[in-house]
1. Filter the stretch 13-45 for residues that are modelled with pLDDT of 95 or more and of a type in the set (Gly, Ala, Ser); which is nearest to Lys2 (Cα to Cα)?
2. Would you point out which residue out of Phe31, Phe43, Phe22, Phe4 is within 23 Å of Pro89 (Cβ to Cβ), touching a Lys or Arg at 6+ places or on another chain (Cβ under 6 Å) and among the hydrophobic types (A, V, I, L, M, F, W, C)?
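The values are calculated or read from the model by the stated rules, or taken from the named source; none is laboratory data. In this text, all values refer to a predicted model and were calculated from it rather than measured experimentally. Please note: Cβ atoms are built from the backbone with ideal geometry, for glycine as well, and neighbour counts cover all protein chains shown.
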Amino acid sequence: MKLFLDDIRTVDMIYESQDTDFVVVRTYEQFVRYISENGLPDFISFDNDLGLDDHGKVAPDGLAAAKWLVYESGMDLRSLEFKVHSANPVAAKQIRGLLTNYINFLNSEHR
């Protein structure tokens, strides 16, 4: 199972293959709900900037989704593979850093 978090783009805009195994979620809330109900996917593709919420405010972003995985989900992320496809280079680096550092920490703790 693969998860694609992006408010606008489609999977084929990011991945050249005709990969249809992705479930697309458009918001932070959909991301949390999907993983809470279905478990951790094998692969997650992260966008960061997820547009505006229903009140015209900046919506929780991909970094918030990554933080939820690390700090709130309680899931073992050691088997998670991910890619950050965000066009926001600073946020992309933050998401990659958070997840990579946390997964490395988990791997070092479970040796």
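1. Across the stretch 13-45, the extreme among qualifying residues is Ser45.
2. Sole residue among the options that is within 23 Å of Pro89 (Cβ to Cβ), touching a Lys or Arg at 6+ places or on another chain (Cβ under 6 Å) and among the hydrophobic types (A, V, I, L, M, F, W, C): Phe43.
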